[in-house]
């Protein structure tokens, strides 16, 4: 035998369920907005200044700095927002070349694996 509840009680239960669904949808939208506003996948400016910029100075600037720009590439002034900044596409190419072991070129000192992992 099915339990019997009043129409009023059924309306209250339905209202609570609708409210719960509405609140959860609002939270999903808030979470999506927070995710969209979250920092990019690239390093923040402090990490850029303390990790990436010194790496570039030590391993890249001799050939891609103020004195010389091999391959028409200068990295000493690259935009610190590596994921979304004006130089994001250029950094992606540099990162890919680092990952493939193409840079630094043969005959140049190689960065440690730990340093490479921090930068790419």
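The values are calculated or read from the model by the stated rules, or taken from the named source; none is laboratory data. What you see is a predicted model, and the numbers here were worked out from it, not measured in a lab. Positions of Cβ are backbone-derived with ideal geometry, glycine not excepted, and every protein chain shown enters the neighbour counts.
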- Message: For residue 111, only one of the following conditions fails: (1) in a helix (DSSP H, G or I); (2) on the phi < 0 side of the Ramachandran plot. What is its number?
- Response: (1)
- Query: Is it the case that residue 46 is loosely packed, with under 10 Cβ neighbours inside 10 Å, at pLDDT 80 or above and under 17 Å from the mean Cα position of the chain (by Cα)?
  - Reply: yes
- Task: Mind listing whichever residues of the range 91-105 are in a helix (DSSP H, G or I) and within 18 Å of residue 62 (Cα to Cα)?
- Result: 91, 94, 95, 97, 98
- Taking the range 72-89 and keeping residues more than 17 Å from the chain's Cα centre (by Cα), part of a loop (DSSP other than H, G, I, E, B) and loosely packed, with under 14 Cβ neighbours inside 10 Å leaves 77
- Message: Could you go through the range 59-71 and let me know if any residue there is exposed (fewer than 11 other Cβ atoms within 10 Å of the Cβ), touching a residue at least 12 places away in the same chain (Cβ under 8 Å) and over 23 Å from the mean Cα position of the chain (by Cα).
- Response: no
